[in-house]
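*Asks:* Handing you a structure now.
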Amino acid sequence: MYTLYMSPGAASLCIHWMLIELGEPHELKKLDLEAGDHRKPAYLKLNPNGFVPTLVVDGAPLYESAALMMLLAERHPQAGFAPPPGHPQRGPYMTWMFHLSNTLQAAFRDWFYPDRQGGAAATEALKESARGRIESAFDRIDAQIAGQGPYILGDRAGAVDFLGTMLMRWSRNMPKPATSWPAIAGYVARMKARPSFKVLYEREGLTEWA
């Protein structure tokens, strides 16, 4: 049994989605971010960073979305969500997981919370910088899918796709959302057609980007 501390639509979404795909028993602990649940002492004992997600695995609280997805893929290899060590796709898989986390997800943090980085005076400049980095990342992802698809690493979906699709969803209200890129648009349609996506949306109470 896994326990996932989450908030609907937040960075926990990809972990929740993967748990549904895996069919593994799990319990959801919903945090109200607007009420500051993630900054309360009880939660900070689990995750000192004060972010979601936190996944309790064998009694130990772990965090960081990409790391949790890589862990789940390795704990449940029968799902085929990550190439095993020694596989030719292992290097590209790890490259894309870290690229999405360190480049694209980090840029979204600046897009959504620019005041946290440079204060009110730098907000617009930071948002423009973040938008440029996000769109450059989508350029690269679109080219990857067009050339190597239908998924990021080839012919089957895996951990990198659940993470990537979550990040694409975050762009839905931007001036140029991810689905403005043709290969990404088809890719998103394929990912959203998975039965698990409907279950995910029902459980998280989401409606946008359905």
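*Asks:* Once you place label points 7 Å from the Cα toward the Cβ at residue 156 and residue 57, how far apart are they in nm?
*Replies:* 2.1
*Asks:* Let me ask another. Name the long-range amide H neighbours of residue 151: under 5 Å, sequence gap of 5 or more, or other chain; modelled H, no Pro or chain starts.
*Replies:* Hits under the 5 Å cutoff: 156.
*Asks:* Further, regarding this structure: Given 4 °C and 1.567 mPa s, how large is the Stokes-Einstein diffusion coefficient of the stretch 1-100 in µm²/s, with Rh as the Kirkwood radius over Cα pairs?
*Replies:* D = 91 µm²/s.
*Asks:* If you don't mind, another one. At 222 nm, what value in deg cm²/dmol follows for the chain if DSSP H runs of at least 4 each add -39500 (n - 2.57) and the sum is divided by all its residues, to the nearest 500?
*Replies:* Estimated from H runs of four or more residues: -15500 deg cm²/dmol.
*Asks:* At 7 Å along Cα-to-Cβ for each site, give me the label-to-label distance between residue 1 and residue 210 in nm.
*Replies:* Label at residue 1, label at residue 210, 3.0 nm between them.
*Asks:* Further, regarding this structure: Which far-off residues, 5 or more places away or on another chain, put their amide H under 5 Å from the one on residue 3, with H placed in the peptide plane?
*Replies:* HN-HN under 5 Å from residue 3: 27, 56.
*Asks:* Between the stretch 40-79 and the stretch 184-207, how many Å separate their Cα centres?
*Replies:* Here the answer is 22 Å between Cα centres.
*Asks:* Taking a ≥ b ≥ c as the square roots of the Cα gyration tensor eigenvalues, with a/c under 1.5 meaning rounded and otherwise prolate when a/b beats b/c, else oblate, which class fits the stretch 134-210?
*Replies:* It comes out oblate by the Cα gyration axes.
*Asks:* On to the next question. In the stretch 79-210, carbon and sulfur make up what percent of the accessible area (probe 1.4 Å)?
*Replies:* 52
*Asks:* Follow-up question, since we're still on this one. If a/c stays under 1.5 just call it rounded; otherwise compare a/b with b/c (prolate if a/b is bigger, oblate if not). Do that for the stretch 135-177, with a ≥ b ≥ c from the square roots of the Cα gyration tensor eigenvalues.
*Replies:* It comes out oblate by the Cα gyration axes.
*Asks:* Computed over the Cα atoms, what is the radius of gyration of the chain divided by 2.2 N^0.38 Å, N being its residue count?
*Replies:* Normalised Cα radius of gyration, the chain: 1.00.
*Asks:* Along Cα→Cβ, 7 Å out, is where each label goes; now give me the distance between the ones at residue 45 and residue 94 in nm to one decimal.
*Replies:* According to this spin-label approximation, the distance is 3.6 nm.
*Asks:* Determine which residues of the stretch 39-73 fall in the zone a paramagnetic label at residue 103 would reach in this model, i.e. backbone nitrogen under 18 Å from the point 7 Å along Cα→Cβ.
*Replies:* 66-67
*Asks:* Now a separate question. For the stretch 80-134, with every protein chain kept in place, what is the accessible area per residue (1.4 Å probe, Å²)?
*Replies:* Here the per-residue accessible area is 54 Å².
*Asks:* Another question about this same structure. Rounded, prolate or oblate, given the Cα gyration tensor of the stretch 32-147, with a/c below 1.5 counting as rounded?
*Replies:* oblate
*Asks:* Multiplying the sequence separation of residue 75 and residue 128 by 0.36 nm and subtracting their Cα-Cα distance, what value in nm do you get?
*Replies:* Gain on extension, residue 75 to residue 128, equals 15.1 nm.
*Asks:* ³J(HN,Hα) across the stretch 6-18 via Karplus (A = 6.51, B = -1.76, C = 1.60, θ = phi - 60°), whole Hz, x for Gly/Pro?
*Replies:* 9, 9, x, x, 7, 5, 7, 4, 5, 5, 4, 4, 5
The values are calculated or read from the model by the stated rules, or taken from the named source; none is laboratory data. Every value quoted in this text rests on a predicted model; they were computed, and no experiment measured them. For neighbour counting, all protein chains shown are included, and Cβ atoms are generated from backbone atoms with ideal geometry for every residue, glycine included. These accessible areas exclude ligands, DNA and RNA; they are computed on the full protein's heavy atoms, side chains included. Shrake-Rupley method; radii C 1.70, N 1.55, O 1.52, S 1.80 Å.
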